Each structure stands twice: as C-alpha cells, then as structure tokens.
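The structure appears below as structure tokens.
Just so you know, all these numbers are worked out from the coordinates, no wet-lab data involved. Because the structure is predicted, anything quoted here is derived from the model rather than measured. So basically every Cβ, Gly included, is an ideal-geometry build from the backbone, and we count neighbours across all protein chains shown.
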C-alpha cells in the first residue's frame, strides 16, 4: 500500500462493479482498496470489524428493504470510517441522506474522488456530543454489545424490535462519542458495566 493512500473497503455484491472501482483507485493513487465484501453476512461482519478503512463504499442493496433506512447505523456498529453509498439502482432519497455522500453508478473518476474527499472532511468536522448519561436500557444494550451479541440476539433477549436495538446503539454512540465495538467494550469496562472476568 502507498504511504499516502486512504484505505477503502468496498461492500458491493457485484464483483464487476467492485473491480471497476478498484481500477479507478489504482489508476489515481489517492485511495486504495483494502478489502471487498459481497454482503453483510456474519462472516463479512467479522471481516468488517477487522479491516481498518478510512472510507467504506457500500451499495445499499446489501440491506433488505426494511433495514435499508438504518443501514448507515449498522455500519457504525463496526467501523468509524466515512460511509459513502454507491447508488446502482433507483432508491428512496430518504434512505440515501443518512450516508456521508452518494456516488452514482455513472459518476466519472474525478467526481468519485471529490465525493470521497468531501465525505472524509465532513466526517472529521462533525461535532461530538459529550457527557450525556446513558439510560439503564442503553447500559444493558452496551453490555450486550461488549459481549459480542448481534442486534437480533439483543432484540430477542429484551423482546424488542431490531430497530429499537439499532436506535439504542445509535444513541449510545452519540452520547459516548465512541463508534467501534472495541471502544464501547473498553468504555463498559472502565465504567464498571462489565467485569473483565466475564470474557472467556
């Protein structure tokens, strides 16, 4: 990898599109693809946690229709990278607004690079909220996250919808300013929400 290159993770089901973007970045040199995931299966989620990327380019069709509106929040659970949507099909404008920027399938290389730069600048300039107290339910959700539970498992445990879990996680991230699972785990340990001996 070139020293100055920004790292890009692609979450795109079409390998043809993913390889095309990879070639665009290879030709220009400013960004470099460090991984390609075809979906967000459990295996892909594990890889997503372990890939250090500056930008994630995501085709929102990897989410089913009901979870598409909170797709950005799902990615925030695993990475604090800037997230740019790649619009390959017609999509509701509302669901695209959650992303740091949107690349069109017909955008040229210069436009794509400009949008990636803008997304990184926007992400760095976004304000962090300090010191809001977590609710008791948010603390419970945080403990589950720290123990490695998935949203569905947390929803089943507390008999709430997966969307409620995602909302709680979004609030936890907003209140703590911490976007990664590892960071939230450290936060839970430091605030005595979990005991280090509870991990196997």
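The fraction of Cα-Cα pairs per 5 angstrom bin, counted from 0 for segment 136-198, comes to 4, 19, 34, 25, 14, 3, 0 percent, rounded to whole percents. For segment 42-183, the extents of the C-alpha atoms along the principal axes are 47, 31, 28 Å, listed from largest to smallest.
Across the chain, the relative contact order, built from alpha-carbon pairs under 8 Å that are at least six residues apart, equals 16 percent. Between residue 27 and residue 193, the modelled labels are 4.6 nm apart [label points 7 Å from Cα along Cα→Cβ].
Exposure proxy ranking for 74, 102, based on other Cβ atoms within 10 angstrom of each Cβ and starting from the fewest, stands as 102, 74.
Summarising the label geometry, the points placed 7 Å from Cα in the beta-carbon direction at residue 111 and residue 34 lie 2.8 nm from one another. For the pair residue 97 and residue 171, the difference between a 0.36 nm per residue extended length and the Cα-Cα distance amounts to 24.8 nm. Considering all C-alpha pairs of segment 6-125, those separated by over 17 Å amount to 50%. Reducing segment 73-127 and segment 1-31 to their Cα centroids gives an inter-centroid distance of 15 Å. Between residue 4 and residue 46, the modelled labels are 3.8 nm apart [label points 7 Å from Cα along Cα→Cβ].
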